[in-house]
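The values are calculated or read from the model by the stated rules, or taken from the named source; none is laboratory data. Quick caveat, the model's predicted, so the values are computed rather than measured. Neighbour counts are summed over all protein chains in view; Cβ atoms, including those assigned to glycine, are modelled from backbone coordinates with ideal geometry. Calculation scope for accessible area: heavy atoms of the full protein, side chains included, ligands and nucleic acids excluded. Shrake-Rupley method; radii C 1.70, N 1.55, O 1.52, S 1.80 Å.
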2 protein chains.
Amino acid sequence: MPVDKLAAWQELTRQAEEIKEVRIDELFDAEPERLNYLSGEVDGLYGDLSKSLVSKQIFTLLIELAEQCHLSEAIAALFRGDTVNRTENRPALHTLLREPVATGETAHSDSKRNDIATMRKQLNDFCSRLNRNEQTGHSGERICDVVNIGIGGSNIGPELVCDALRNEVSSGINVHFVANVGGDIHHVLTDLDPASTFFIVASKSFNTQETLLNARTARDWIFGAFSNTAASKAHFAAVTANEDAALSFGIEKHHIFPMWEWVGGRYSLWSAIGLPIAIAFGVSAFERLLAGAHAMDTHFRDANLEQNLPVIHALVGLWHTNFCRYESQCVVPYDDRLRLLPAYLQQLEMESNGKRISFDNEIVNYDTSPTIWGGVGSNSQHAFFQQLHQGTRVTPIEFIIALTHPQSSEEHHSTLIANCFAQSEALMLGSRVAVRQDEQTAEHGINLAAHRASPGNRPSSTIVMDALTPESLGALLALYEHQTFVQGVIWDINSFDQWGVELGKSLASNILDEIRSGAHERHDPSTAELLRRFKNASA
Amino acid sequence: MPVDKLAAWQELTRQAEEIKEVRIDELFDAEPERLNYLSGEVDGLYGDLSKSLVSKQIFTLLIELAEQCHLSEAIAALFRGDTVNRTENRPALHTLLREPVATGETAHSDSKRNDIATMRKQLNDFCSRLNRNEQTGHSGERICDVVNIGIGGSNIGPELVCDALRNEVSSGINVHFVANVGGDIHHVLTDLDPASTFFIVASKSFNTQETLLNARTARDWIFGAFSNTAASKAHFAAVTANEDAALSFGIEKHHIFPMWEWVGGRYSLWSAIGLPIAIAFGVSAFERLLAGAHAMDTHFRDANLEQNLPVIHALVGLWHTNFCRYESQCVVPYDDRLRLLPAYLQQLEMESNGKRISFDNEIVNYDTSPTIWGGVGSNSQHAFFQQLHQGTRVTPIEFIIALTHPQSSEEHHSTLIANCFAQSEALMLGSRVAVRQDEQTAEHGINLAAHRASPGNRPSSTIVMDALTPESLGALLALYEHQTFVQGVIWDINSFDQWGVELGKSLASNILDEIRSGAHERHDPSTAELLRRFKNASA
């Protein structure tokens, strides 16, 4: 049965109409236990979902909806390694990557565990050799810079983590990220020395157009510096499932790290895709990241739905999307170190749940993933917050903070956090300035009070980390992964495929052939004119 | 009369229902002149709005709507310096900043022209002194690094421009931007030498909480290095309307650049707020930026509505927002140099038009500014494009490209541009894969064809610059400013105020006092618990 035909869904639709007239602050007055059921804490990470238009009755219905969608069974199936990615006939075992090696906690085949243990050993050995200057460049120089060449899941996750952990002790090796084609790789290489630069080519298929083009540009740069095609062996590693292609590219066999079909790109930073993290901050920091994610996994797998933080987080989001009909979700870390988090969540959520076909192969009758967007606070207060407070659209906001900051003074950090708390309070309360006729300026017919009033009753949630550490960051990212999974289960869609990106790839290949060959294929007049202008400019 | 009661608005509402069943590519077949009326070119900047569900009849009605809203008169009033910012009783004269100095083209009071000419001369002199090493640090060292301390409009515009012009010839001085409080300023200062670092404090009021806190931290750093409070005179400039406060801070009078109440923060990069641009790339690059914007101004002021690129751009956006009811606008530059453009447009559009009160002091019955978000292509293809192709929401996308790139190889640039064109084609055409029962895999009940199909008919627009130069960038930003103004006029809201940010500021000040004093004020249970956790962690 489609989920929107379930009893709980229908009752929630009715409740959404009724609660429209209620104010969130009235719910706090009416429900002394409100903070209890709408918050949760897992190992130094606290989530507060209470500033939303969810009553106890609605919360209970949301849990019922989850039960009617067999959520607990779905969670068990995810961890068990069932074929949850049914359109690609694969399990999704990113959680297995985070298990302490060889604890035997779950019942996966030993071969996957062995593969992971082997990969971790390879990663350890490689980082040790780098740090002991045994893994040098072709001319024997110490490696000072590592450039990760990868795009999408082979880029955003590791780049976010490396940026977020900037206050951790550095290994002394600078890590750079190149994803896009265009001038980006040239821009990065300008400041680097080939003798001391090492490249990681991260592509599951070793066939990603942008990544391979950048990798070839990097290889030419190395070849040019050493006039020796053997030099690539001392300057390149690959993370890929396609060992043959990496070998043909000129990469040493022991520099080829594995990827597996049971880990999707956007869930892969926990695999060897996380190599830049281990290089930048040491293997122990990477392991602490995995441990934090594993703590969240254990909680997600074992806790009751009512006390399960990723589940509560997902259900409040679902309430906003499908019943309040809010259009998008705004993510605002009050912490510069998490400035890439909105982009990371755009990929995680929109690529996972930006789908319209259910497992019954039907077009769904309800909205799936909201548009995810955001920016860093308090900068965003001086940018788009005007609309959040006084625009015509209601947009739920998620704030993320760390209670302490190792590099910020008490005055700086208090100012930052005070601003964050004030925003969530202001969005909820509004200003409720009475519209007074005497504030009307005669000259322009303006009643200032009307223009100054903020309606309030705009929901927000706050995620609080005691401190931003590898552990809490791992837990935070795992929280988002699991809430994405929960929403996918209820929407009855496959959160682990991405068929929508295929069409653009094949059309791009056609257009590139056309540009190269100088041919003129048939296009609509708009595309034809764009192509004409490009060909003229390139001629 | 409220705009939604106008005849053209009502007819557009009716048309939106009818055209739902039509496909964009059918409109190209039916209308040979389609590209003519839905595109425009201004001095090396070409805009193509034709891949949208706008027919000739709808286009004509949109122009009628603009006329019924007296758009031409509003444009004239803007340039004439009328009090268009009626809630603050001010004109909005960012266009005056871009006029060639002393041409006497329009009828503004000479005093504003004189003020601008004086400011430009001050800016010229300052940059000359820096470049000739006459403006040195306290100990006589050459200034190598300039840190701009400002937030919102005093940050995003200049930072975007400096990032976008990275391929221009550098002055040799590195420009850095610090906006947020927290660890950011410490992070930037770590790599700098006080002897050769200069700070610009950019704040119209010289009272912006974040900016002043960062400025004091920078001043302490300078004082600490020289053990001399006079050192601030050789290391600080201000851009502000509050000269007294800047003097008290310890800034030399001739280092204080003016701001004026007739330039809003988000429209201010053309004023002395653009000083970092002139420092990084020379005054001539800054002047070329102004000239590009001025070319767009002239076009916007003088062209008929039907041939007016900012007007057409605005009307198609309005069609998407108010009649198609699309929820957000996605902005995707296929150019790393424009990676900050989505954030810039978030501020420009959402702070300008994220309003709900009309000039009649009434709550409007229609949506105003869409949520603006985006990312760089082709990276975004590997992130959120899945949802754009196959999600349940239709999101119009704006692509921005440069036909040539000085630092990118032909292969790189062709690959990038081919991907962009392919996306606009794919979004419009879709894949229309027939759902075939024989593709149904028995095991999981999956009909793969259903999951692979993309529905298409998703609108996009493409802005094409011949090259990314100071001139084309100026024109591009002016295009967005003017389309924002046009939409504001039709929505009957004030695009130049921002009352919505006031409430959060005053609550933040209260909470900060509470944290500092250790007091316990009354809050809702959620805010109280967040505060309790913060106070505990800080204790």
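Before moving on, here are some points about what is shown:
- Residue in the range B:69-78 that is buried (at least 19 other Cβ atoms within 10 Å of the Cβ) and more than 17 Å from B:V486 (Cα to Cα) present: no
- Yes/no for B:W319 being within 30 Å of B:A418 (Cα to Cα) and open to solvent by less than 10 Å² (accessible area, probe 1.4 Å): yes
- Answer residue from the range B:166-188, given it is more than 28 Å from B:A508 (Cα to Cα) and hydrophobic (A, V, I, L, M, F, W, C) and is nearest to the chain's Cα centre (by Cα) among those: B:V175
- Lone unmet requirement of (1) more than 7 Å from chain B (Cβ to nearest Cβ); (2) closer than 28 Å to B:R266 by Cβ; (3) free of Cβ contacts under 8 Å to residues at least 24 places away in the same chain for A:L427: (3)
- For the range A:42-79, a residue qualifies if it is touching a strand residue (DSSP E or B) at 6+ places or on another chain (Cβ under 9 Å) and closer than 14 Å to A:S461 by Cβ, and the qualifying residues are A:L45, A:Y46, A:G47, A:D48, A:L49, A:S50, A:K51, A:S52.
- For the range A:225-254, filtered to residues that are of a type in the set (S, T, N, Q) and at pLDDT below 95, the residue that is least open to solvent (accessible area, probe 1.4 Å) is A:S232.
Matching residues to (1) in contact with a Phe, Trp or Tyr (Cβ under 6 Å, 6 or more places away or on another chain); (2) within 12 Å of chain B (Cβ to nearest Cβ); (3) within 24 Å of A:D466 (Cβ to Cβ):
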{"residue": "A:L27", "(1), (2), (3)": "no, yes, no"}
{"residue": "A:L38", "(1), (2), (3)": "no, yes, yes"}
{"residue": "A:I58", "(1), (2), (3)": "no, no, no"}
{"residue": "A:I63", "(1), (2), (3)": "no, no, no"}
{"residue": "A:L78", "(1), (2), (3)": "no, no, no"}
{"residue": "A:N89", "(1), (2), (3)": "no, yes, no"}
{"residue": "A:L96", "(1), (2), (3)": "no, no, no"}
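- If you go through the range B:394-412 and keep only what is more than 7 Å from chain A (Cβ to nearest Cβ) and either touching a residue at least 40 places away in the same chain (Cβ under 8 Å) or crowded, with 24+ Cβ neighbours inside 10 Å (or both), you end up with B:V394, B:P396, B:I397, B:E398, B:F399, B:I400, B:I401, B:A402, B:P406.
- Of the residues screened, A:G391 is not one that is under 23 Å from A:K51 (Cα atoms), more than 7 Å from chain B (Cβ to nearest Cβ), open to solvent by less than 10 Å² (accessible area, probe 1.4 Å) and touching a helix residue (DSSP H, G or I) at 6+ places or on another chain (Cβ under 9 Å).
- Criterion: surrounded by 15 or more Cβ atoms within 10 Å (Cβ to Cβ), more than 14 Å from chain A (Cβ to nearest Cβ) and either farther than 18 Å from B:F236 by Cβ or at pLDDT 95 or above (or both) - qualifying residue of B:S196, B:S111, B:S154: B:S196
- Test for A:R90: is it of a type in the set (K, R), over 20 Å from A:F359 (Cβ atoms) and open to solvent by 30 Å² or more (accessible area, probe 1.4 Å): no
- Enumeration of residues in the range B:228-252 that are free of Cβ contacts under 8 Å to residues at least 40 places away in the same chain, in a loop (DSSP other than H, G, I, E, B) and of a type in the set (S, T, N, Q): B:N242
- Any hit, the range A:446-462, residues being more than 7 Å from every other protein chain (Cβ to nearest Cβ) and in a helix (DSSP H, G or I): yes
- Considering the conditions (1) over 26 Å from the mean Cα position of the chain (by Cα); (2) open to solvent by 40 Å² or more (accessible area, probe 1.4 Å); (3) within 8 Å of chain A (Cβ to nearest Cβ), B:R532 is excluded by exactly one of them, (3).
- Residues of the range A:463-474 that are more than 9 Å from chain B (Cβ to nearest Cβ) and either under 13 Å from the mean Cα position of the chain (by Cα) or assigned to a strand (DSSP E or B) (or both): A:I463, A:M465, A:L473, A:G474.
- Residue list for the range B:328-343, restricted to those being in contact with an Asp or Glu (Cβ under 6 Å, 6 or more places away or on another chain) and β-branched (V, I, T): B:V331
A quick yes/no check of all residues on (1) in contact with a Lys or Arg (Cβ under 8 Å, 6 or more places away or on another chain); (2) at pLDDT below 95; (3) under 30 Å from B:G183 (Cβ atoms):
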| site | (1), (2), (3) |
| --- | --- |
| A:D466 | no, no, yes |
| A:I493 | yes, no, no |
| A:S509 | no, yes, no |
| A:S517 | no, yes, no |
| A:R532 | no, no, no |
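- Candidates are the residues of the range B:478-511 that are open to solvent by less than 10 Å² (accessible area, probe 1.4 Å) and over 19 Å from the mean Cα position of the chain (by Cα); the one that is nearest to B:I63 (Cα to Cα) is B:I490.
- Among the candidates B:D125, B:D191, B:D163, residue that is at pLDDT below 95, open to solvent by 20 Å² or more (accessible area, probe 1.4 Å) and either within 14 Å of chain A (Cβ to nearest Cβ) or farther than 22 Å from B:G504 by Cβ (or both): B:D191
- On the stretch given as the range A:364-420, residues that are closer than 30 Å to B:A218 by Cβ and in contact with a His (Cβ under 6 Å, 6 or more places away or on another chain) total 3.
- Test: residue in the range A:255-265 that is more than 23 Å from A:E88 (Cα to Cα) and either surrounded by fewer than 20 Cβ atoms within 10 Å (Cβ to Cβ) or free of Cβ contacts under 8 Å to residues at least 40 places away in the same chain (or both): yes
- Among the residues making up the range B:278-316, none is within 24 Å of B:M350 (Cα to Cα), of a type in the set (S, T, N, Q) and open to solvent by 10 Å² or more (accessible area, probe 1.4 Å).
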